[in-house]
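There's a structure below that I have some questions on.
The values are calculated or read from the model by the stated rules, or taken from the named source; none is laboratory data. Model, not experiment: these values are computed from the prediction. Glycine gets a Cβ as well: all are built from the backbone with ideal geometry, and neighbour counts include every protein chain shown.
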Amino acid sequence: MNFFDRIAAHDRGFTQSEQTLVNYLIAHQPHGMLDSATAIARKISISPSTVVRFFAKVGYESFAEAQREARNEIASKLTSPAQRVDLEIGHRQRLPSIVNNSFLSDIDNIRATQDSLDLKEFGAFVHVLTRQTKGKVYIAGAKNAYGVAVYLQTHLNMCMKDVHILGAHQSQLPDSLLWADRHDVLLVISIRRYARTVYQAAHYFHSIGARVLAITDSPLSPVASVADHWLLAHTASNSPFDSFTAVHCLCCALVSAVSQQRRQKVDVLLKHGETIWKEMGTFMEDQRD
């Protein structure tokens, strides 16, 4: 529930001071909540303790939680880190508060991503990937999303063959698409600001009749318009930069589901992999003296 939902659902009457506060916050929503409780109280001539008690009364765990919600709402409307920098670091916080708010923000992202997850769409992702027999699986992501793409390629490659990562650089993309055809699947990770190369890859696969799976942050993102199936992740952050924690969690769930569907083949492949890793001394515990 957001601020307006909580006010509408509140069935107990507000005191005169609380109603004054409600009127002020509605008139200045969401920016009005970015001030300290003391600053808000001073502006409308009520006590800071009334401000703090009010947010507890309407269901927030704390005034800080209400402020995080307000910052997230504002940040969702701002495109670039440069636009969000004053919002996130313009109000100096003590180090324990920075750490606590960052963890709480990502916990909120994970919960929101799980609560809004369309299991039918998630199942379609798993079905497309595990039923892939003729073609290849390509994975694409740019800038921060490229790390997520690498994670997916690394682990899906241990579940099935022919899993490839597309080059993130504009000059690499055309060459990466040379062998793509309609039997293939493209799985893209596209979070604002939406990278042109990722959309171009998705558009190309769509144009040749290949299936496109997208993990994104909005149904209005460019890749969603050309995707056969898409999943949403929440990316709110207490810094100027979007958080990819919930995106990673969603990808972890996807890898887990795919490995379960292909359990017997994965078991065989991982045993084969262990032999190779030990022979090559890939891990510290495998290295011989």
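Which of the residues spanning the range 220-246 are in a loop (DSSP other than H, G, I, E, B), without any contact (Cβ under 8 Å) to a residue 60 or more places away in the chain and in contact with a helix residue (DSSP H, G or I) (Cβ under 8 Å, 6 or more places away or on another chain)?
A227
Out of everything in the range 234-277 that is polar (S, T, N, Q) and over 24 Å from N101 (Cβ atoms), what residue ends up being surrounded by the most Cβ atoms within 10 Å (Cβ to Cβ)?
If we take residues in the range 234-277 being polar (S, T, N, Q) and over 24 Å from N101 (Cβ atoms), then S259 is surrounded by the most Cβ atoms within 10 Å (Cβ to Cβ).
Tell me which residues, restricted to the range 122-146, are exposed (fewer than 14 other Cβ atoms within 10 Å of the Cβ) and under 25 Å from S243 (Cβ atoms).
Listed by number, the list holds a single entry, K143.
Let me ask another. Would you pick out the residues in the range 128-157 that are among the hydroxyl-bearing types (S, T, Y) and without any contact (Cβ under 8 Å) to a residue 60 or more places away in the chain?
T133, Y146, T154
I would also like to ask the following. So, in the range 191-219, of the ones that are in contact with a Leu (Cβ under 7 Å, 6 or more places away or on another chain) and part of a helix (DSSP H, G or I), which residue ends up surrounded by the most Cβ atoms within 10 Å (Cβ to Cβ)?
Going through the qualifying residues, I end up with A201.
Tell me whether the range 144-155 contains one or more residues that are modelled with pLDDT under 90 and within 18 Å of the chain's Cα centre (by Cα).
There is at least one residue in the range 144-155 that is modelled with pLDDT under 90 and within 18 Å of the chain's Cα centre (by Cα).
Return the residues of the range 48-71 that are surrounded by fewer than 13 Cβ atoms within 10 Å (Cβ to Cβ) and of a type in the set (S, T, Y); say none if nothing qualifies.
Across the range 48-71, the qualifying residues are S49, S62.
Limited to the range 101-119, what total is found for residues that are out of contact with any helix residue (DSSP H, G or I) (no Cβ under 8 Å at 6 or more places or on another chain) and either surrounded by 15 or more Cβ atoms within 10 Å (Cβ to Cβ) or more than 19 Å from S218 (Cβ to Cβ) (or both)?
The total comes to 4.
Scan the range 278-286 and tell me whether some residue there is at pLDDT below 95, crowded, with 17+ Cβ neighbours inside 10 Å and not hydroxyl-bearing (S, T, Y).
no
A further question on this structure: May I ask you to say which residue of A180, A145 is over 24 Å from G273 (Cβ atoms) and assigned to a loop (DSSP other than H, G, I, E, B)?
A180
Please state which of the following conditions S102 fails to meet, knowing it meets all the rest: (1) assigned by TED's automatic domain parsing to the domain that holds L231; (2) modelled with pLDDT of 85 or more; (3) among the hydroxyl-bearing types (S, T, Y).
(1)
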